[in-house]
Amino acid sequence: MTDRTIHFASDNYASVHPEVMAAIAAADGGHEPAYGSDAVTAAFDEAIRVTFGEHAVGFPVFNGTGANVTSLLALSPRWGGGVVASEHAHIHNDEGGAPEKVGGLKILELPAPDGRLLPSQLHRYTGDLGDEHRAQPLVLSLTQSTEVGTVYSVEQITALVDAAHAHGMKVHVDGARIANAAAALGVSLKEACGGADVLSFGGTKNGAMLGEAVVVLNPELAAGLGHDLPYVRKQTMQLGSKMRYVSAQLTALMTSADAAGDPLWLRNARHANRRAAQLREQLEPLADEGFLHFTQSTDANAVFVEMPRAMAEQLRRSYRFYDWKPGRSEDKVEVRLMCAWDTTATACEQFAVAARMASRPDVSWVADVQLPEEG
């Protein structure tokens, strides 16, 4: 039986949004040319141009790791191979060494306590440019929103992109949660990238079943990368034969609008961000009492909080969530709580009540706390 509890481990846990499921169903039936030569993918191509600019070119792929590796390979000459990224970057920590093993790339990490890099940090590696003994740092990879739930402002990410370009570097954005960043900033998806060259456009964490896209944003690179990327995508095993089913999902996120004209990507991301803000607000009394310590600002759809290990284990009896790293003392742990497009207000309330109860297991809360019912 399916677990109907709304968990806080990852926005990947969420179900497929009904509008995306309807788009998949609409793409089904009959024969269509394979490998992207179909009408559904043609609609995706148009949606990419409308969303990201008339020169933008999109390439549907299966997953986030595939999108990142394909993007980085397309931007890296064989003699380059160095990719500068945050110490928290997904490409560095959570992709099983795929950029190195599949792409032959070397991740050059930089410290980023709040997930965000600074233009001044690039000099750590740009001095290696022209040194044949060093992996050439020709690509900067940024994550928006970051792995610790923070968001680069448009000014911050633009400054980083400009600094990288000034050194002759290309810029990739890991946009697994680009929708959450854009919703938080109140800007378009393209603006949230700050002038980057290539985007890994995330769908799975924002209501899709599966599917991301590599999007070439830089008009000056569109023709060249538009020619190269189909080959890179095939060689990285990211070319889908029945591409229409992936294309349909991403097109729905970009074009399915409500009565106010808001596209689905924005509605889903805005909802997830609001739930995260609510969850943090409802946990703040426990922080005020010293049971919890928030470790990062909650800019998008993630709450990072340190709590006693015993409290985390008690909560884990009912909820799934991930440990992020050890706490400031041996008896504490920092955890990540993620909200998704389908996280309800009641689910946040229920978790906050459970946290209150777990904070003092020696106290009977029956008379004082009533667990909210879903619905």
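Heavy-atom accessible surface of W265, to the nearest 10 Å², is about 20 Å², with a 1.4 Å probe and all protein chains retained. Sorting M209, M307 by accessible area puts them as M209, M307; the probe is 1.4 Å, largest comes first, and only protein heavy atoms count.
Annotation: per residue accessible area for the chain equals 45 Å², rounded to a whole number [probe 1.4 Å, protein chains only]. When the surface is traced with a 1.4 Å probe over the full set of protein chains, H293 keeps roughly 70 Å² accessible. Entry note, the chain: the mean residue ellipticity at 222 nm calculated from DSSP H runs of n ≥ 4, each adding -39500 (n - 2.57), is -12000 deg cm²/dmol after division by the residues and rounding to the nearest 500. Beta bridges from DSSP with both residues in the chain: antiparallel share about 55 percent, rounded to the nearest 5. Calculated from the structure, semi-axes √(5λ) of the Cα gyration tensor in Å equals which of (1) 36, 27, 17; (2) 53, 23, 18; (3) 37, 27, 20? Among (1) 36, 27, 17; (2) 53, 23, 18; (3) 37, 27, 20, the one calculated here is (1). A simple spin-label model places the labels of Q235 and W79 1.7 nm from each other, with each point 7 Å out along Cα-to-Cβ.
A 1.4 Å probe, protein heavy atoms only, puts the accessible area of K190 near 90 Å².
Contact order for segment 106-195, expressed relative to its length and based on alpha carbon pairs under 8 Å spaced 6+ residues apart, stands at 30 percent. Between L210 and R309, residue separation times 0.36 nm minus the direct Cα-Cα distance comes to 32.3 nm.
Computed from the Cβ-Cβ distance with R0 of 25 Å, the FRET efficiency linking E281 to D258 stands at 0.45. For segment 1-51, the share of accessible area belonging to carbon and sulfur comes to 55 percent (1.4 Å probe, ligands and nucleic acids excluded). Measuring between their Cα centroids, segment 290-362 and segment 135-198 lie 28 Å from each other. Bridging of K170 to lysines at a Cα separation below 20 Å is possible for K106, K190, once same-chain residues fewer than 8 apart are set aside.
Between rounded, prolate and oblate, where does segment 144-271 land on the alpha carbon gyration tensor, with a ≥ b ≥ c its root eigenvalues, rounded for a/c under 1.5, else prolate if a/b exceeds b/c? Judged from the Cα gyration tensor, segment 144-271 comes out oblate (a/c at least 1.5, b/c at or above a/b).
Please find the FRET efficiency linking D128 to S153, where r is the Cβ-Cβ separation and R0 is fixed at 30 Å, and quote it to the nearest 0.05. Plugging the Cβ-Cβ distance into 1/(1 + (r/R0)^6) gives 0.55.
Loop-located GluC sites (Glu not before Pro) across segment 3-86 with a Cβ neighbour count of 13 or fewer within 10 Å are E54, with loop assigned by DSSP. Relative to the current alpha-carbon distance between H55 and K242, full extension at 0.36 nm per residue lengthens the span by 64.8 nm. Taking the Cα of A9, stepping 7 Å toward and past its beta carbon, and measuring to each backbone N in segment 316-337: which are under 18 Å? Flagged as within label range: 316-325, 334-337.
Dividing the mean sequence gap of close Cα pairs (under 8 Å, 6+ apart) by how many residues segment 233-375 holds gives a relative contact order of 21 percent.
Give the angle, between 0 and 90 degrees and rounded to the nearest 10, that separates the Cα long axis of helix 39-52 from the longest principal axis of the Cα atoms of the chain. Helix 39-52 sits at roughly 80 degrees to that axis.
Within the accessible area of segment 114-157, the carbon and sulfur atoms contribute 49%, probe 1.4 Å, all protein chains present.
The relative contact order of the chain, computed from alpha carbon pairs under 8 Å that lie at least 6 residues apart in sequence, is 21 percent. Subtracting the Cα-Cα distance of R316 and T346 from their residue separation scaled by 0.36 nm leaves 9.0 nm. A simple spin-label model places the labels of A39 and D323 5.4 nm from each other, with each point 7 Å out along Cα-to-Cβ.
The values are calculated or read from the model by the stated rules, or taken from the named source; none is laboratory data. This structure is a prediction, so every number in the text was calculated from the model and none was measured. Because the Cβ atoms are built from the backbone with ideal geometry, glycine has one as well, and the counts that use them run over all protein chains shown. For the accessible areas, the whole protein counts, side chains as well, though only heavy atoms, and no ligand, DNA or RNA atoms are used. Shrake-Rupley method; radii C 1.70, N 1.55, O 1.52, S 1.80 Å.
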